[in-house]
Amino acid sequence: KNQVEQSPQSLIILEGKNCTLQCNYTVSPFSNLRWYKQDTGRGPVSLTIMTFSENTKSNGRYTATLDADTKQSSLHITASQLSDSASYICVVSGSGGSYIPTFGRGTSLIVHP
Amino acid sequence: NAGVTQTPKFQVLKTGQSMTLQCAQDMNHNSMYWYRQDPGMGLRLIYYSASEGTTDKGEVPNGYNVSRLNKREFSLRLESAAPSQTSVYFCASSDPQGFGENNGYTFGSGTRLTVV
């Protein structure tokens, strides 16, 4: 069964600090991995997408990495801001067969002033 | 603004009542989806429609029905609401069919449903 596990479940950091969120998956064969940001009371919004051949991708202060061999991804947030407080969801799609992606349960990030 | 529009945003139902959640997208996407999100459970797929005229069950379809009214609209119906259906419901769309490299979901802002 395809699974996506995220850690930590929740994280509290001070404004200006960096943090890294983790995502491990078992989806195979692999197609792509996305990180979504979900603000409280809103729908998720895509931050980055990575395919098999990509190791790193940045979107402003967000940098995602992918190790397709170990089936691990991370999302690094630099110089955190209060607006980064949200849930971050890792979503993995497989190739062939069902195209429905597998969602992780998310990491809840709280940034304190 | 282009996107996915869900109505209503909030709803309280009594056990046994029925209701329909509406979803419309104006991005000409082929595929549409209904998810529910519960604390600690993440997003779980209820039903999806790969294209106009087709619907399929997702991970948690029991107690729900859907209608793909046309390419733009995909509704979710609770025939007899139960407290276990208290959740936040998200509609999403994508194009082309599936979740390809250059496409991802566009989500609506959600419907918060409470069944008492």
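The values are calculated or read from the model by the stated rules, or taken from the named source; none is laboratory data. Quick caveat, the model's predicted, so the values are computed rather than measured. Reconstructed Cβ throughout: ideal geometry from the backbone, glycine too, with neighbour counts over all protein chains shown. We work out accessible area using only protein heavy atoms, side chains counted, and drop any ligands, DNA or RNA first. Shrake-Rupley method; radii C 1.70, N 1.55, O 1.52, S 1.80 Å.
Among the residues making up region A:39-50, those that are open to solvent by less than 20 Å² (accessible area, probe 1.4 Å) and touching a Leu at 6+ places or on another chain (Cβ under 9 Å) are A:Pro44, A:Thr48, A:Met50.
Taken over region A:60-71, the criterion of being exposed (fewer than 14 other Cβ atoms within 10 Å of the Cβ) and among the polar types (S, T, N, Q) is satisfied by A:Thr70 alone.
Does at least one position in region A:68-81 carry a residue that is at positive phi, assigned to a loop (DSSP other than H, G, I, E, B), over 12 Å from the mean Cα position of the chain (by Cα) and of a type in the set (A, V, I, L, M, F, W, C)? Yes, the conditions are met somewhere in region A:68-81.
Pairs linking a residue in region A:68-86 that is of a type in the set (Ser, Thr, Tyr) to a residue that is at pLDDT below 95, with Cβ atoms under 6 Å and 6 or more positions apart or on different chains, are A:Ser73/A:Leu33. Filtered by the rule that a residue be more than 10 Å from the chain's Cα centre (by Cα) and on the phi < 0 side of the Ramachandran plot, region A:8-23 gives A:Pro8, A:Gln9, A:Ser10, A:Leu11, A:Ile12, A:Ile13, A:Leu14, A:Glu15, A:Lys17, A:Asn18, A:Cys19. If you check A:Arg105, A:Arg42 for being in a loop (DSSP other than H, G, I, E, B), within 12 Å of the chain's Cα centre (by Cα) and within 23 Å of B:Ser94 (Cα to Cα), only one passes: A:Arg105.
Annotation note: of A:Ile100, A:Ile89, the sole residue that is closer than 28 Å to B:Ser87 by Cα, within 14 Å of another protein chain (Cβ to nearest Cβ) and not in a strand (DSSP E or B) is A:Ile100.
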